[in-house]
Every structure is written in structure tokens, then in C-alpha cells.
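The values are calculated or read from the model by the stated rules, or taken from the named source; none is laboratory data. Just so it is clear, the model here is predicted, and its values are computed rather than measured. So basically every Cβ, Gly included, is an ideal-geometry build from the backbone, and we count neighbours across all protein chains shown.
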Ligand SMILES: [Zn+2]
């Protein structure tokens with residue numbers, strides 16, 4: 001039946017390629033776009049295109065930055081550049097920033113080591129992190145999630161940093177095992193960060 005609606009079929013196909021969009025929601029999202037006011041839809045597409053054109057990854061911390069400006073975190077002189085907080089994704093960086101209780105800098109790994117999904121250390125920003133940790137860095141906080149992959153990734157990084165003089169710490173137990181930082185409330189994240197323990 002959809003064969004007679006090639007435009008709709010094409011839209012559904014495009015949406016089906018969006019990761020994290022549950023397949024049962026694809027039709028609802030298609031409806032949402034199709035019922036959207038033409039002007040709002042134009043603004044939506046423009047915002048997407050503009051973000052794609054204007055944003056790039058910082059080559060130091062791997063958080064997003066505007067192409068025509070320095071990284072908002074790395075270029076901030078008020079931050080403590082001797083402390084690096086290592087997170088899996090930038091969503092977790094945003095979560096930690098929202099606590100207002102951290103003034104160091106970050107390093108976004110881009111995921112976790114997961115042999116089952118074909119993700120090895122070389123697919124993450126682990127090498128640039130190791131290269132970043134010089135004598136000026138006093139502490140590296142491994143704030144990966146407390147999942148088997150997150151813990152294994154933290155252990156891998158800790159072993160690679162053994163030779164450095166930096167203190168390696170990780171978040172306190174307080175965040176439920178198996179959960180993502182992204183979905184925690186601010187107080188829980190703040191407590192876990194302020195009560196971090198040696199790795
Ligand atoms: Zn940066």
C-alpha cells in the first residue's frame with residue numbers, strides 16, 4: 001500500500017536510519033513532521049543544517065565547539081586545567097556541568113570499549129587522552145558509567161596512565177550500577193563527583 005506513496009515511504013526509510021529512534025515511534029515522528037507548520041519545518045531543517053555546518057569537535061577535549069570560536073571549556077582560564085574529567089559522551093559532560101560543582105576540564109571518549117560491538121580503544125579518544133596527561137595534570141577523574149563496559153574502559157585507561165604522576169580517581173558509588181549519568185538527578189551526580197574515590 002505504501003508503494004503508492006513513494007514520498008512517505010522515502011521519509012519513513014530516512015527516519016528508520018536514525019539511531020535511538022525506536023521503530024514503533026517512526027510513524028509518530030513522521031506524522032509530527034508532516035503536520036508541522038511549513039515555516040516551523042523550514043526552521044527545523046535550517047537549524048539542523050546550520051549546526052552541522054558550524055559545529056566541530058574540539059581537538060583537545062572532543063566536546064563540540066563552534067568552528068569560528070575556541071572551545072568554551074578548554075579556552076576558559078577560570079577552569080582548573082590540572083584536573084581532567086573523563087566521560088563517555090558529551091551528554092555526560094553536560095550533566096556534570098549542570099551540577100555546578102566541577103571547575104576542571106573534560107575529555108570525551110566517544111563511547112566505551114565494547115568488543116561485542118566492535119569498539120576497541122583505537123575507536124575512542126584514549127590515545128589523545130594519554131598524550132594530554134603531562135606533568136601539569138594533577139588528577140584524572142574517570143567518570144565512565146558503572147556498567148561492565150564503562151568499568152573495563154576505566155581500568156584500561158588507568159593502566160595506560162600508571163606511569164604518570166597524576167592521581168587517578170573515579171566516581172563514588174552512589175550512582176546505581178547499570179545506569180547512565182545522563183539520566184541522573186543533579187544531586188546524585190554532584191555527590192558522586194564530590195565523593196570520588198581513588199581508582
Ligand atoms: Zn575543548
Mind listing just one residue for me: the one in the range 32-75 that is in a loop (DSSP other than H, G, I, E, B) and more than 16 Å from the ligand (Cβ to nearest atom) and, of those, nearest to residue 92 (Cα to Cα)? 36
Need the failing condition index for residue 107 against (1) in a loop (DSSP other than H, G, I, E, B); (2) crowded, with 16+ Cβ neighbours inside 10 Å, just the number. (1)
Check the range 69-77 and report whether any residue there is surrounded by 12 or more Cβ atoms within 10 Å (Cβ to Cβ), in contact with a strand residue (DSSP E or B) (Cβ under 6 Å, 6 or more places away or on another chain) and under 18 Å from residue 169 (Cβ atoms). no
Being in contact with a helix residue (DSSP H, G or I) (Cβ under 6 Å, 6 or more places away or on another chain) and over 17 Å from residue 169 (Cβ atoms) narrows it down to one of 108, 87, so name that one. 108
Any residue in the range 104-111 that is touching a strand residue (DSSP E or B) at 6+ places or on another chain (Cβ under 8 Å) and away from the ligand (no atom under 14 Å from the Cβ)? yes
Might you check whether a residue that is assigned to a loop (DSSP other than H, G, I, E, B), out of contact with any helix residue (DSSP H, G or I) (no Cβ under 7 Å at 6 or more places or on another chain) and under 21 Å from residue 61 (Cβ atoms) occurs anywhere in the range 170-185? yes
Hey, does the range 89-101 have a residue that's within 20 Å of the chain's Cα centre (by Cα), more than 20 Å from residue 154 (Cα to Cα), part of a loop (DSSP other than H, G, I, E, B) and modelled with pLDDT under 95? yes
Assess whether residue 118 counts as being more than 27 Å from residue 76 (Cβ to Cβ) and in contact with a helix residue (DSSP H, G or I) (Cβ under 9 Å, 6 or more places away or on another chain). no
Return a yes/no flag: does the range 149-164 have any residue that is touching a strand residue (DSSP E or B) at 6+ places or on another chain (Cβ under 9 Å), in a strand (DSSP E or B) and surrounded by 16 or more Cβ atoms within 10 Å (Cβ to Cβ). no
